[in-house]
Amino acid sequence: MEDILVPLGFFAMVFGFPLLRRQMIHRHQLERLGAEQANAPAPAPPPGPDEAASLALKLPEPHRLYALALLCRIEDARPEELDAHSRHVLTQARHHELPATLRAYLGLTPASRQRLAERGQDAEALLREQLELISRGVAGALGRDAAAADGLLTQGHYLREKFTPIELGEPVRLDRSP
């Protein structure tokens, strides 16, 4: 019996101790992380991805369609095909400027509308102007990609003109002047 217990005890110590130690280390790390998370302040929730859409649905009809079309234009853009500046502009327009504009308009009270009217300004006209400004910014960000494509086409035309073989019989011009 002793012949069996001694090797069994040896194997238990050799293989069991590292497993037990690893589990205790893991449990300690989990308890430490749980304590750190409990003491850490809760992060502010990011703005909801549908905040701008839900606000746009509350707008009066002509502005609702314009705001939703602007949202669709931003969502249809492929960020992986844009440069960093364009991606930043689209992100800011989608998550900050557009929701802030819509909240400001929807937060107007009858008294604030009256104050705007006294100044000779119409709330709907101001909203339309601000939506158009955001739309121009988005169009500019999306148009930057077109500028890169135009640059590539221009370079292609230049290279074709420069490296096209000269036909026999054509005079060789050394200067570019007419």
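Helices (runs of 4 or more DSSP H) fully within segment 46-117 that include at least 1 residues being within 14 Å of the chain's Cα centre (by Cα) and without any contact (Cβ under 8 Å) to a residue 12 or more places away in the chain: 61-76, 84-92. Scanning segment 107-129 for residues that are open to solvent by less than 90 Å² (accessible area, probe 1.4 Å) and closer than 15 Å to Y66 by Cα turns up E124, A125, L126, L127. The residue list P49, P60 contains one member that is within 30 Å of A93 (Cα to Cα) and at pLDDT below 85, which is P49. Taking the listed residues A35, A104, the one that is surrounded by 10 or more Cβ atoms within 10 Å (Cβ to Cβ), within 20 Å of L133 (Cα to Cα) and hydrophobic (A, V, I, L, M, F, W, C) is A104, with no other qualifying.
The values are calculated or read from the model by the stated rules, or taken from the named source; none is laboratory data. Here the structure is a predicted model, which means the values were calculated and not measured. Counting neighbours? That spans all protein chains shown, and the Cβs are built from the backbone with ideal geometry, glycine included. Accessible surface is based on the protein model in full, side chains and every heavy atom, while ligands, DNA and RNA are left aside. Shrake-Rupley method; radii C 1.70, N 1.55, O 1.52, S 1.80 Å.
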